[in-house]
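The values are calculated or read from the model by the stated rules, or taken from the named source; none is laboratory data. Note that this is a predicted model, so its numbers are computed, not measured. Because the Cβ atoms are built from the backbone with ideal geometry, glycine has one as well, and the counts that use them run over all protein chains shown.
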Amino acid sequence: MDIRRVEHPVVRRAAEGLHNFNSRHPWSHNDHFHGWILANLPAHRGTAIDIGCGQGELVAQLATRFAQVRGTDLDAGMRAEAVQRCAGLANVTIADTQLTELDGPVDLITMIAVLHHLDAEQALIDIKRLLNPGGRFMAVGLAAPASIRDTAWDLASAVTNPLIGLIKHPRPARGGPVPPPFPVRDPRLSFDELHAVVRDIMPGAEMRRRLAFRHTIAWTKPNLEA
């Protein structure tokens, strides 16, 4: 059950109240996980690629830790903002290169709220191809709620969302809700369905449910392929 789509009047009023509160204390659910990525970087840091780099904030942070960072995004507006943000960083390039067209090998590939826009199986195969042995894939994603456990995590996210917002943005923001600056798409695969795909292509990958209606995937490519 997707609690975000329940039409019961009481639930709808509660959801509207939470939405209004969250609008006054906004925070980025995606940027929240940058710290998790930066705390779990691979030992070798030659080249990193951020797929769907958006406005380039993660790219700029990775640039201080890798010899070369490549950001890709299909949205021209996002690329322009990323280029502006990373101006002066000589080791950064921003392009619209498709995942299937990228060349490697590289030491890190990151995705934040991107995998559900793609064919997950083919994307993971391409990522596996691009990574160096010992290279790491780190993703923050969304999944469609399909089980009681999924719904429980959604409820926990809904309850904690305003608390986190109050901590991160204690002073109420002026104006109404601000729409996301990037393309939005509902995920098709559930957590369990995606987990099965990840497990098949990237054995040993760690996939965990998180608050903020997100999950994370972390996988290090083995040094010796079977």
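Summary table below
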{"read-out": "Segments classed as helices (runs of 4 or more DSSP H), wholly inside region 48-164, with at least 2 members that are over 23 Å from L194 (Cα atoms)", "value": "57-62, 76-85"}
{"read-out": "Odd one out for P26 among (1) closer than 24 Å to M138 by Cα; (2) assigned to a loop (DSSP other than H, G, I, E, B); (3) modelled with pLDDT under 95", "value": "(1)"}
{"read-out": "Sole exception among (1) under 21 Å from D75 (Cα atoms); (2) in contact (Cβ under 8 Å) with a residue 24 or more places away in the chain for N132, by number", "value": "(1)"}
{"read-out": "Qualifying residue in region 128-135 (condition: surrounded by fewer than 16 Cβ atoms within 10 Å (Cβ to Cβ), at pLDDT 90 or above and in contact with a Leu (Cβ under 7 Å, 6 or more places away or on another chain))", "value": "no"}
{"read-out": "Unmet criterion (only one of (1) at pLDDT 90 or above; (2) of a type outside the set (D, E, K, R); (3) within 19 Å of the chain's Cα centre (by Cα)) for A146", "value": "(3)"}
{"read-out": "Those residues of region 45-68 which are touching a Gly at 6+ places or on another chain (Cβ under 6 Å) and surrounded by fewer than 20 Cβ atoms within 10 Å (Cβ to Cβ), in sequence order", "value": "A67"}
